[in-house]
Amino acid sequence: MKFLVLGAAAGGGLPQWNCGCKNCEAARAGEIPASGQSSLAVSAGKGAWSILNASPDIRAQMQANPALHPRDLRDTPVRSVLLTNGDIDHIAGLLSMREQTPFTLFGTSEIQSVLADNRIFDAVSREKVDRRAIALNQDFELHDGLSARLFAVPGKVPLFMEGETVQTDLVGEQTVGVRLWDDDSVAYYIPGCAAITDRLLAQIADADQLFFDGTLWDDDEMIRTGTGVKTGRRMGHVPISGPDGSMAALAHLPARKTYIHINNTNPIWLPDSPERAAVLAAGWRIARDGQESAT
Ligand code: MLT
Ligand code: MN
Ligand code: ZN
């Protein structure tokens with residue numbers, strides 16, 4: 001399997017249009033690389049690719065990565081798109097893929113219904129784009145030679161569908177992780193996860209490679225930096241640090257581990273930060289746009 005990080009940042013990207021935080025300013029000044037919104041491409045080889053989450057930046061992300069360019073007049077090596085939740089940073093890119101080229105669109109029925117309930121997505125031709133509802137824990141093929149299975153991870157409904165009260169630890173079809181495998185290896189992609197449960201740990205125990213939710217360094221990051229009023233857990237994202245954080249909970253996992261879906265406020269973006277040093281010392285990689293890896 002080959003992986004290509006299309007967007008390492010969380011929703012909003014780095015820099016985010018309305019943010020003057022230290023990281024966004026550093027990205028504007030060219031001191032750290034700017035990063036697109038959450039997306040990962042995967043290939044079993046032979047030139048075919050699947051895109052895991054279609055970010056609002058997908059047009060620029062495809063432009064920046066020649067592996068995804070057309071080989072012919074009206075063509076794409078992208079065989080399918082898989083959605084892991086219905087958040088804007090994961091679905092809005094579909095609107096840029098509305099130009100009548102066929103691909104398969106995979107997601108749970110709940111995630112498919114987010115699209116079905118929003119008529120703007122009718123612009124993505126149902127004749128050309130096969131919308132396939134995938135049940136949890138059922139094997140399917142993302143493209144020739146690449147198998148996948150969706151499983152529930154703790155999460156919540158998309159931000160734009162939240163009601164007055166929000167359950168942030170729903171385990172169902174609204175937020176999923178994906179197991180990916182070919183003849184050689186097993187990988188997991190989990191860009192949004194509210195908590196690391198024993199069930200999740202058992203699920204990913206056979207990972208050779210893991211791409212995991214790196215949204216926030218700590219739960220109070222948005223509040224502390226004055227950029228928001230919600231904790232990470234309220235947003236459906238377990239923090240990296242702390243005794244219940246992902247770094248501690250996943251320390252024993254022998255896989256190659258990469259943080260992805262990193263919010264613009266996260267101090268791990270900064271090359272000289274102690275937080276980045278701690279993550280790297282724990283053996284994690286930090287995703288960046290254009291990063292390739294193979295298993
Ligand atoms: C998230 O991951 O929390 C969402 O992308 C939030 C959003 O849609 O802005
Ligand atoms: Mn997101
Ligand atoms: Zn910022």
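The values are calculated or read from the model by the stated rules, or taken from the named source; none is laboratory data. Source: prediction; values computed, not measured. A quick note on method: Cβ atoms are made from the backbone with ideal geometry, for glycine too, and the neighbour counts reach across all protein chains shown.
From the list L83, L105, L95, the one residue that fits, being within 16 Å of ligand 1 (Cβ to nearest atom), within 20 Å of L146 (Cβ to Cβ) and of a type outside the set (F, W, Y), is L83. Does K230 satisfy being without any contact (Cβ under 8 Å) to a residue 24 or more places away in the chain and out of contact with any Pro (no Cβ under 6 Å at 6 or more places or on another chain)? Yes; evaluated as a whole, the condition is true for this residue. Pairs linking a residue in the stretch 8-33 that is under 27 Å from Y189 (Cα atoms) to a residue that is charged (D, E, K, R) and away from ligand 2 (no atom under 16 Å from the Cβ), with Cβ atoms under 8 Å and 6 or more positions apart or on different chains, are A8/R288; P15/E25; P15/R28; P33/R288.
Quick grid of which residues meet (1) modelled with pLDDT of 95 or more; (2) within 16 Å of ligand 2 (Cβ to nearest atom); (3) out of contact with any strand residue (DSSP E or B) (no Cβ under 8 Å at 6 or more places or on another chain); (4) among the hydroxyl-bearing types (S, T, Y):
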| residue | (1), (2), (3), (4) |
| --- | --- |
| V5 | yes, yes, no, no |
| C21 | yes, no, yes, no |
| A26 | yes, no, yes, no |
| S38 | yes, yes, no, yes |
| V42 | yes, no, no, no |
| L52 | yes, yes, no, no |
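Listed conditions (1) buried (at least 22 other Cβ atoms within 10 Å of the Cβ); (2) within 17 Å of S113 (Cα to Cα) are all met by L159, apart from (1). Within the stretch 159-171, the set of residues being touching a residue at least 12 places away in the same chain (Cβ under 8 Å), of a type outside the set (S, T, N, Q) and within 16 Å of T231 (Cα to Cα) comprises L159, V166, D169.
Just to be sure, is D75 charged (D, E, K, R), in contact (Cβ under 8 Å) with a residue 12 or more places away in the chain and buried (at least 22 other Cβ atoms within 10 Å of the Cβ)?
Here the answer is no, as D75 does not meet what is asked.
Identification of strands (runs of 3 or more DSSP E) wholly contained in the stretch 34-141 with 3 or more residues that are over 16 Å from the mean Cα position of the chain (by Cα) and polar (S, T, N, Q) yields no element. As a summary of the residue check, R59 satisfies the conditions (1) more than 16 Å from ligand 2 (Cβ to nearest atom); (2) within 20 Å of G214 (Cα to Cα) except for the one numbered (2). Of all residues in the stretch 42-54, those that are at positive phi and surrounded by fewer than 23 Cβ atoms within 10 Å (Cβ to Cβ) have Cβ atoms under 6 Å from Cβ atoms of residues that are of a type outside the set (S, T, Y) and part of a loop (DSSP other than H, G, I, E, B), 6 or more apart or on another chain, in G47/P77.
Can we say S246 is away from ligand 1 (no atom under 16 Å from the Cβ), within 26 Å of G107 (Cα to Cα), surrounded by 15 or more Cβ atoms within 10 Å (Cβ to Cβ) and touching a residue at least 40 places away in the same chain (Cβ under 8 Å)? Taking the combined requirement at face value, the residue does not satisfy it. Restricting attention to the stretch 181-215, the residues being buried (at least 23 other Cβ atoms within 10 Å of the Cβ) and either touching a residue at least 60 places away in the same chain (Cβ under 8 Å) or hydroxyl-bearing (S, T, Y) (or both) number 9.
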